[in-house]
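Colleague: Let me begin by handing over the structure; questions about it come next.
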């Protein structure tokens, strides 16, 4: 179940980045160069099945298209399998 959720989140992220690239008329090669990464790494970012992407790369990609990445730590209620507490911090906060 967790893997399905992670893949769905990554797919949504990829869709948002592709949309932003289209709006800015950026090729994958130009976008990769702008965020200081390789074209193959950009392909990994855009592939919802690939788990080998660093948070830093995601943050650079998001920042370039005017977005930010927000990570959340969520306490899990092991008795019901649900989430009961959320603690979030903007990506720029240290």
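The values are calculated or read from the model by the stated rules, or taken from the named source; none is laboratory data. Treat the numbers as computed from the prediction; the structure is a model and nothing was measured. Note that we place each Cβ from the backbone using ideal geometry, even for glycine, and neighbour counts take in every protein chain shown.
Colleague: Considering each residue of the stretch 53-77, count those that are closer than 13 Å to residue 31 by Cα and out of contact with any helix residue (DSSP H, G or I) (no Cβ under 8 Å at 6 or more places or on another chain), and give that number.
Modeller: So the answer is 2.
Colleague: Let me ask you something else. Give the number of residues within the stretch 7-37 that are exposed (fewer than 12 other Cβ atoms within 10 Å of the Cβ) and closer than 19 Å to residue 70 by Cβ.
Modeller: Summing the residues that are exposed (fewer than 12 other Cβ atoms within 10 Å of the Cβ) and closer than 19 Å to residue 70 by Cβ in the stretch 7-37 gives 4.
Colleague: For the stretch 38-58, which positions are exposed (fewer than 13 other Cβ atoms within 10 Å of the Cβ), part of a loop (DSSP other than H, G, I, E, B) and within 11 Å of the chain's Cα centre (by Cα)?
Modeller: If the condition is that a residue be exposed (fewer than 13 other Cβ atoms within 10 Å of the Cβ), part of a loop (DSSP other than H, G, I, E, B) and within 11 Å of the chain's Cα centre (by Cα), then 51, 54 are the ones that fit.
Colleague: Also: Between a first residue in the stretch 32-49 that is under 21 Å from residue 6 (Cβ atoms) and a second residue that is surrounded by fewer than 12 Cβ atoms within 10 Å (Cβ to Cβ), which pairs have beta carbons less than 6 Å apart while being 6 or more apart in sequence or on different chains?
Modeller: Final answer for the pair search is 44/52.
Colleague: Still on this structure: Just wondering, is there one or more residues in the stretch 82-94 that are part of a loop (DSSP other than H, G, I, E, B), under 21 Å from residue 8 (Cα atoms), under 13 Å from the mean Cα position of the chain (by Cα) and modelled with pLDDT of 85 or more?
Modeller: No - not one qualifying residue is present in the stretch 82-94.
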